[in-house]
Number of protein chains: 2
Amino acid sequence: MASEVASPRTKADLSTSVTEEYMRIDIGNSLDTVASPGMSSDTLDSLDHQVDAIHTTIGPKIHDNSFGYAALNQLSPEETKQLLDFTEHFSDFSNVLTIGIGGSALGSATLSTSLGLSGHYVLDNIDPSANLNMLTNIDFTDTVVNIVSLSGSTIETISNFLVVRDYMNKQNIDWTSQTFVTTSGNGTLYHLSNKYDLPLLPFPESIPGRFSALSPASLAPIAILGGSVEEILKGAQNGFDSLSTSIYNSPPYAYGAISSELFNLGITSNSIMPYSEHLETFAEWFAQLWSESLGKDGIGQIPLRAMGATDQHSQLQLYRAGKRNLMVTFIDVVDHKTELNIPPPEFEDFDYLSNLPLETLLRTELQTTEASLAEAGCPSIRIELDQINPHSIGELLHGCMASCILFAELQGINGFDQPAVEWGKQALKDILTGKTSSESSSTQNKNSHWIKK
Amino acid sequence: MASEVASPRTKADLSTSVTEEYMRIDIGNSLDTVASPGMSSDTLDSLDHQVDAIHTTIGPKIHDNSFGYAALNQLSPEETKQLLDFTEHFSDFSNVLTIGIGGSALGSATLSTSLGLSGHYVLDNIDPSANLNMLTNIDFTDTVVNIVSLSGSTIETISNFLVVRDYMNKQNIDWTSQTFVTTSGNGTLYHLSNKYDLPLLPFPESIPGRFSALSPASLAPIAILGGSVEEILKGAQNGFDSLSTSIYNSPPYAYGAISSELFNLGITSNSIMPYSEHLETFAEWFAQLWSESLGKDGIGQIPLRAMGATDQHSQLQLYRAGKRNLMVTFIDVVDHKTELNIPPPEFEDFDYLSNLPLETLLRTELQTTEASLAEAGCPSIRIELDQINPHSIGELLHGCMASCILFAELQGINGFDQPAVEWGKQALKDILTGKTSSESSSTQNKNSHWIKK
């Protein structure tokens, strides 16, 4: 019999004290005084009215943990304690191997890479060579395995679990003593946890995978690896507190509303460009959130992933001089917490670099790139964080989810489903089981037209 | 006095024998019988005529090593020998640290990650925290440092070099004995190599950075790390041989021509989706190639980076159901060279996975995803490689560069410059040197509009 943790999510405790400064955004370069297309003050006022109405509608849905909207609620102190009691059982392990795909992997991966937590392995693909390479690099005697799947029946995750279990068995490691399952309902993983008495962490049923970054599904590995779940949740509380009826004092709503309106004006792509290597996985997470939530009914802003300053030497030419169908979202980190100054050079040309903090160079490049886009009329928005720490990451992830939900509401689409992926899943299953269906037939009867030398 | 290597590039030896099968592409799902927009047979014939004319024009430019077009030429056997003699000097080192950014880093990084060569560190950003973390992980006693910059004056590269040199000095390592410079002209790095008698590898002056993946600038680290430069170049020769006057028997030209025509029909984004983790950096390289070469004059197909099968759970919903402004480029690898079968499961639901090779699952997912897009009318093209090895990677990189050059020619743009990045570079330099200019002023006088809680 599997152990269980966490009751259904309840409304977050609003009394949590917050000391750090809130995340803020600078929309100056999205205004029509700079960008074309851009926001006029009339448009902003109109959006402000719409957001007022939407917030009045979705506020109660958040409160009631309605499907999807529940993502904007936080764990209560009791739920948090239950989660930490659960993970305490594994606290002696140095490493966590997360077996999941999509939203079942990206949340915890984003948190661990942002926070620089070492020892987090993520098996989120079925590439035989890369997977075997990862397995041979893991010290399984010191690794807890977390199998994550909302449905409990994700084919890639089941496959990888079977491979990992076999690998552990061959090393004479009792996999049942160091594996836990995160799932909802009664799919295959639920039965697995019952059969082998594996600890079971319920995947919140009211949250789609891509909205689960601040739920136990993503927080459990972080707790085991020594990340501060409490601080992440305090940051998420900051995000919650910054939702209001007006875009003029709600950074998440302002970001969502302006992105949506720019989309209406032909800005069909959105490049997420953090100036911090720690946020590389965050950009992947954002891309999934934006793609799966907003890509439907012929709508959908295509998320790009870029990295400052590196991609100035890769993408900037296109952003500035290509079609005017793209916005850039800069993420500026004020304090990188690492003092690394450029030693004095002996070449006169570069005297100005002498003793310059690398952080200053990085942030100045953000400013000049931002100005460069503005000069060309390309819209951008800057998100500013004081530091990258559990608190700010909690707020950032919460804010992005709120922005995304608002975008969907403004476009009148369901941000919480992903119907278009079902066709391929059905085709795959039918082919592997030898079943003839319209999906399997049209896959196998492809009209190929090969071009060969 | 710095040592030198490699004479100006000469026409590749066309007599090189090739045994492996050529790369091929399947354009079936880009045809108007499947996709909307899609290629009609009339359109293909028209493109075929245009490509005939273009090939007749650029063939001599390749032959003469004209600026940019020279990228499609290969090193001669003599040049290859010179390169290998040069790198032989460093063959006792286990690691290479490449200090470069953009095209000065992505070429070698793509080759080393594709081929699974270990020991390649790439410092291509100025993030203080990430850089310090990398430095502390490198065993500098066993690492050769390669500073790469076409101009020899790239600010991020100079900065990182100064940091690395200081770090090595503090460890009492004679950096001059294990550092070489790759540059052209007489910029700062050239003077550095003179002053300290560092070996100098000329960066080919006729090739822009993003087209340098098959030049000594990218091949040198690969040779030191034990990669087969000869096989890479044989593959590139395959690519060269597959350029012809007809798209019907030239995969690179067919890919470039169809992408360009789809762009004309509103397909403003192109998602590169390899089904191999080894090709993750390749997708970054492709993104730079496509962005900087084609993003100008209001033209430019936005490259996205996706990874199969993982991003089926992240991007597919958008690709299939969003705006019809996107094509997908699948890369299928026939043989992953790793036998990893899924062990028999004890759950009946998944009996069909029993003993299935992970490779088969991965490739079947590619096929079903491809069919899923076709079913929705979304255009895609499949590139097929037998394996990932030096030969196939050489051919793939050559083919992508040829495709890109053809795309630029069809659109009537200069694929080899990147004028739009200059504004930001000037602004950065002016700000750091305290100079007042229109660039520095407009950066510093930003009209901010902050949204805060």
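The values are calculated or read from the model by the stated rules, or taken from the named source; none is laboratory data. Note that this is a predicted model, so its numbers are computed, not measured. Ideal geometry is used to build each Cβ from the backbone, glycine not excepted, and the neighbour counts take in all protein chains shown.
Out of A:Val144, A:Val164, A:Val96, A:Val148, report the one residue that is among the β-branched types (Val, Ile, Thr), more than 22 Å from the chain's Cα centre (by Cα), farther than 30 Å from B:Asp335 by Cβ and modelled with pLDDT of 95 or more.
On the way: A:Val164 fails: farther than 30 Å from B:Asp335 by Cβ; A:Val96 fails: more than 22 Å from the chain's Cα centre (by Cα); A:Val148 fails: more than 22 Å from the chain's Cα centre (by Cα).
Every option except A:Val144 fails the conditions.
Considering segment B:286-320 alone, what residues qualify as being of a type in the set (A, V, I, L, M), within 7 Å of chain A (Cβ to nearest Cβ) and crowded, with 24+ Cβ neighbours inside 10 Å?
Matches in segment B:286-320: B:Ala287, B:Ile302, B:Leu304, B:Ala309, B:Leu316, B:Leu318.
Quick one: A:Thr443 ticks every box in (1) hydroxyl-bearing (Ser, Thr, Tyr); (2) more than 9 Å from chain B (Cβ to nearest Cβ); (3) within 21 Å of B:Ser30 (Cα to Cα) bar one, so which box is it?
Single failed check for A:Thr443: (2).
So B:Asn414 ticks every box in (1) of a type in the set (S, T, N, Q); (2) more than 10 Å from every other protein chain (Cβ to nearest Cβ); (3) over 28 Å from B:Met39 (Cα atoms) but one. Which box is left unticked?
In the conditions (1) of a type in the set (S, T, N, Q); (2) more than 10 Å from every other protein chain (Cβ to nearest Cβ); (3) over 28 Å from B:Met39 (Cα atoms), B:Asn414 misses (3) alone.
Of all the residues that make up segment B:325-342, how many are part of a loop (DSSP other than H, G, I, E, B), closer than 19 Å to A:Tyr167 by Cβ and more than 7 Å from chain A (Cβ to nearest Cβ)?
Count: 1.
When you scan segment B:200-234, how many residues do you find that are closer than 20 Å to B:Asn65 by Cβ and of a type in the set (Gly, Ala, Ser)?
Residues in segment B:200-234 being closer than 20 Å to B:Asn65 by Cβ and of a type in the set (Gly, Ala, Ser): 8 in total.
Pick out the one residue from A:Phe211, A:Phe203 that is under 19 Å from A:Ser293 (Cβ atoms), aromatic (Phe, Trp, Tyr), within 14 Å of chain B (Cβ to nearest Cβ) and touching a helix residue (DSSP H, G or I) at 6+ places or on another chain (Cβ under 7 Å). Full working, then the answer.
On the way: A:Phe203 fails: within 14 Å of chain B (Cβ to nearest Cβ).
That would be A:Phe211, the only listed residue that is under 19 Å from A:Ser293 (Cβ atoms), aromatic (Phe, Trp, Tyr), within 14 Å of chain B (Cβ to nearest Cβ) and touching a helix residue (DSSP H, G or I) at 6+ places or on another chain (Cβ under 7 Å).
So that you can scan it fast, the table gives a plain yes or no per residue for (1) surrounded by 22 or more Cβ atoms within 10 Å (Cβ to Cβ); (2) free of Cβ contacts under 8 Å to residues at least 24 places away in the same chain; (3) touching a helix residue (DSSP H, G or I) at 6+ places or on another chain (Cβ under 6 Å):
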residue: B:Asp45; (1), (2), (3): no, yes, no
residue: B:Asp48; (1), (2), (3): no, no, yes
residue: B:His55; (1), (2), (3): no, no, no
residue: B:His63; (1), (2), (3): no, no, no
residue: B:Gln74; (1), (2), (3): yes, no, yes
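So, of the residues in segment A:118-133 that are more than 16 Å from B:Ile342 (Cβ to Cβ) and surrounded by fewer than 18 Cβ atoms within 10 Å (Cβ to Cβ), which turns out to be nearest to the other protein chains (Cβ to nearest Cβ)?
Going through segment A:118-133, the residues more than 16 Å from B:Ile342 (Cβ to Cβ) turn out to be A:118-122, A:124, A:133.
Adding the requirement that they be surrounded by fewer than 18 Cβ atoms within 10 Å (Cβ to Cβ) leaves A:118, A:133.
Details: A:Ser118: 10, A:Asn133: 8 Å.
Going through the qualifying residues, I end up with A:Asn133.
With the condition kept exactly as written, say whether any residue in segment A:124-136 is over 16 Å from the mean Cα position of the chain (by Cα) and touching a residue at least 60 places away in the same chain (Cβ under 8 Å). So that I can check it myself, show each step before the final result.
Looking only at segment A:124-136, we keep the residues that are over 16 Å from the mean Cα position of the chain (by Cα), and these are A:125-136.
Checking the rest, the ones that are also touching a residue at least 60 places away in the same chain (Cβ under 8 Å) come to none.
No; the residues of segment A:124-136 include none that is over 16 Å from the mean Cα position of the chain (by Cα) and touching a residue at least 60 places away in the same chain (Cβ under 8 Å).
If I ask for residues that are at the interface with chain B (Cβ under 7 Å from one of its Cβ atoms), among the hydrophobic types (A, V, I, L, M, F, W, C) and touching an Asp or Glu at 6+ places or on another chain (Cβ under 9 Å), which ones from segment A:343-377 would you list?
Listed by number, the residues that qualify are A:Leu358, A:Leu361, A:Leu362, A:Ala371.
Would you check if B:Gly394 is under 27 Å from the mean Cα position of the chain (by Cα), at the interface with chain A (Cβ under 8 Å from one of its Cβ atoms), farther than 30 Å from A:Gln444 by Cβ and among the small types (Gly, Ala, Ser)? Even if it seems obvious, please write down each step before you answer.
Details: under 27 Å from the mean Cα position of the chain (by Cα): yes; at the interface with chain A (Cβ under 8 Å from one of its Cβ atoms): no; farther than 30 Å from A:Gln444 by Cβ: yes; among the small types (Gly, Ala, Ser): yes.
The answer is no for B:Gly394.
Kindly list the number of the only condition in (1) polar (S, T, N, Q); (2) modelled with pLDDT of 95 or more; (3) outside any helix (DSSP H, G or I) that fails for A:Thr281.
For A:Thr281, the exception is condition (3).
Consider B:Cys400 carefully, then state whether it is touching a residue at least 40 places away in the same chain (Cβ under 8 Å), in contact with a Phe, Trp or Tyr (Cβ under 8 Å, 6 or more places away or on another chain), closer than 25 Å to A:Lys323 by Cβ and not in a loop (DSSP other than H, G, I, E, B).
Working: touching a residue at least 40 places away in the same chain (Cβ under 8 Å): yes; in contact with a Phe, Trp or Tyr (Cβ under 8 Å, 6 or more places away or on another chain): yes; closer than 25 Å to A:Lys323 by Cβ: yes; not in a loop (DSSP other than H, G, I, E, B): yes.
Yes; evaluated as a whole, the condition is true for this residue.
Please enumerate the residues belonging to segment B:30-71 that are within 12 Å of another protein chain (Cβ to nearest Cβ) and over 19 Å from B:Ser250 (Cβ atoms).
Result: B:Asp32, B:Thr33, B:Val34, B:Ala35, B:Gly38.
Among what's in segment A:149-198 and is assigned to a helix (DSSP H, G or I) and of a type in the set (Phe, Trp, Tyr), pick the residue that is surrounded by the fewest Cβ atoms within 10 Å (Cβ to Cβ).
To start, the set of residues in segment A:149-198 that are assigned to a helix (DSSP H, G or I) comprises A:155-170, A:175-178, A:188-196.
From what's left, of a type in the set (Phe, Trp, Tyr): A:161, A:167, A:175, A:190, A:196.
Numbers: A:Phe161: 26, A:Tyr167: 19, A:Trp175: 18, A:Tyr190: 20, A:Tyr196: 14.
Step by step, filter segment A:149-198, then rank; the result is A:Tyr196.
Can you name every residue in segment A:132-148 that is out of contact with any helix residue (DSSP H, G or I) (no Cβ under 7 Å at 6 or more places or on another chain) and in a helix (DSSP H, G or I)?
Across segment A:132-148, the qualifying residues are A:Leu132, A:Asn133, A:Met134, A:Thr136, A:Asn137, A:Thr141, A:Asp142.
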